[in-house]
Structure formats: C-alpha cells, structure tokens
Amino acid sequence: MTYAALLARAEADPDVVGVILSGSKARGTDGPHSDWDVHVVVREQTPRWTGSHTRELDTAVLTLAALADVSDRWARYAYRGAVVLLDRGGIAELVHAQATLSPAEVDPFVREELDGYINFVYRAAKSRRDGHHDLARLDELEAGPWFLWTLFALYGRVRPYNKYLRWELDNHPLPAPWTFERLVSTPSAVFTDLERLARSRGYGDVFDAWEDLDLLR
C-alpha cells in the first residue's frame, strides 16, 4: 500500500479517529532512504487494521487508549514534531501530551534521572582517580543518557532520540550554555553547569544526598 492509499483508506473508515505522521518526513530531515512513519489511531483494536513495514511505508496501529498512555517514556519522542493528518477528536492534544512533560511529571523525571547521572559520573571520577581510565570511559557512556533525560526534563521536555538531537536544538533551542556541542561533550564536563541549573530549580537535595561531590567538581 502506498502512503496516499493509506491516507485515503483511513479517511474513509469511521473507526479511524486519527492519523499521525512522525519520523524524518514529519520533521523535514528525510533523505533518499527515508520511509513514511504513520500512526493510525483506532477507537478499538480491529482486525481490519494491522501494522506493517515496507521500504516506503512504516505503519503502526494503536488504539485511542494507547495514544493516551504516556508510560513508555522512550516512545514519547516519536511524537515530537509529528504532524496530525486526521483528527476526529482530541488527537492533537494527546500527541502534545506524549511529546512534552506535564508539570506533574517533571519532578519525578528529574529526580530519578539526575540521581542516575550523578551516580555514573561519580563512578567515572573514582575510576579516573584510581587510574582505570578505560572503566571511566564506560561509566561516561552510561552517564550520557541520564544527563540528557535530566536536562530536557528540567525544561519540561522529553529526551530526543540521538538521531534528532541536532534537529531538536535547531528548532527548539535550549538556553545557554546548552548548545549541541555542549550536549555531546563528556558528561562529566557538564556537571557544574547541570548542578547550577538543577539547584536553581529546587533539586539541590538530590546533590546533597551524595558525599564527596568535590571529586566531581
């Protein structure tokens, strides 16, 4: 099935309540090998609609309840920059809720991810101190995802997929000093800036629960 045929079929089916275009086509970053990433939202699961993947078209079928479920944090960035092609009630609002963090979500996100980030940069610092630079490098790699989740959560945003990090910052920049180059630097190198930001947002207690932070500073 072609992209155009899928849209026509969805528009003709009253059980389809929404169609969402995501991925590189929606964000304008597509290349010669990019396919169409389409989410078809149905009221309830029906055998008439099943997901499929071809070289041209990647189709995911989900229910309205599934679109409203924000518990899969990794899947949420798929909706950042997505284009709602068909909305028969509330689809745009649900897409927005997936692509951003609500005020109630920010605090638990930040606390969990910030603590994980501190843990790994602390481990890296101890390994460097003890001359184990190969192990420190592994801990730095572990710290990276925790850092990105923390930083974007502090601004009420979900972490971008690495593929779209530059697109995210080009289209929705963060305040200084959070440039693309800063975000892809060694996680330990951003500790002081992240601590300053997190403390200004009321998360000093997360740092204060750790001893010997001077090792990281």
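Worth pointing out:
- Criterion (in contact with a strand residue (DSSP E or B) (Cβ under 8 Å, 6 or more places away or on another chain), buried (at least 20 other Cβ atoms within 10 Å of the Cβ), among the aliphatic types (A, V, I, L, M) and not assigned by TED's automatic domain parsing to the domain that holds THR192) met by exactly one of VAL83, VAL19: VAL19
- For the stretch 143-177, the set of residues classified as basic (Lys, Arg) and either surrounded by fewer than 18 Cβ atoms within 10 Å (Cβ to Cβ) or over 13 Å from the mean Cα position of the chain (by Cα) (or both) consists of LYS163, ARG166, listed by residue number.
- Looking at the stretch 81-154, the helices (runs of 4 or more DSSP H) lying wholly inside it that each contain 2 or more residues that are of a type in the set (Ser, Thr, Tyr) and at negative phi sit at 103-129.
- Residue that is surrounded by the fewest Cβ atoms within 10 Å (Cβ to Cβ), among those in the stretch 95-113 that are more than 14 Å from LEU148 (Cβ to Cβ) and aliphatic (A, V, I, L, M): ALA104
Conditions tested, residue by residue: (1) at positive phi; (2) aromatic (Phe, Trp, Tyr); (3) touching a helix residue (DSSP H, G or I) at 6+ places or on another chain (Cβ under 9 Å).
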{"site": "ARG9", "(1), (2), (3)": "no, no, no"}
{"site": "ALA12", "(1), (2), (3)": "no, no, no"}
{"site": "VAL17", "(1), (2), (3)": "no, no, yes"}
{"site": "ILE20", "(1), (2), (3)": "no, no, yes"}
{"site": "GLY23", "(1), (2), (3)": "yes, no, yes"}
{"site": "GLY31", "(1), (2), (3)": "no, no, yes"}
{"site": "ASP37", "(1), (2), (3)": "no, no, yes"}
{"site": "VAL40", "(1), (2), (3)": "no, no, yes"}
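- Residue check for VAL184: of a type in the set (Val, Ile, Thr) and touching a residue at least 40 places away in the same chain (Cβ under 8 Å): no
- Filter result for ALA92 (in contact with a strand residue (DSSP E or B) (Cβ under 6 Å, 6 or more places away or on another chain), farther than 30 Å from GLU211 by Cα and buried (at least 21 other Cβ atoms within 10 Å of the Cβ)): no
- Meets criteria (under 25 Å from HIS96 (Cβ atoms) and of a type in the set (A, V, I, L, M)) for VAL158: yes
- If you check VAL61, VAL83 for being touching a helix residue (DSSP H, G or I) at 6+ places or on another chain (Cβ under 6 Å) and of a type outside the set (Lys, Arg), only one passes: VAL83.
- Residue within the stretch 133-141 that is surrounded by 16 or more Cβ atoms within 10 Å (Cβ to Cβ), touching a Ser or Thr at 6+ places or on another chain (Cβ under 7 Å) and of a type in the set (Gly, Ala, Ser) present: yes
Condition check ((1) in contact with a Leu (Cβ under 9 Å, 6 or more places away or on another chain); (2) not hydroxyl-bearing (Ser, Thr, Tyr)) across all residues:
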residue	(1), (2)
GLU140	no, yes
LEU151	yes, yes
VAL158	yes, yes
ASN162	yes, yes
LEU165	yes, yes
THR186	no, no
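The values are calculated or read from the model by the stated rules, or taken from the named source; none is laboratory data. All values reported here derive from a predicted model rather than from experimental measurement. Positions of Cβ are backbone-derived with ideal geometry, glycine not excepted, and every protein chain shown enters the neighbour counts.
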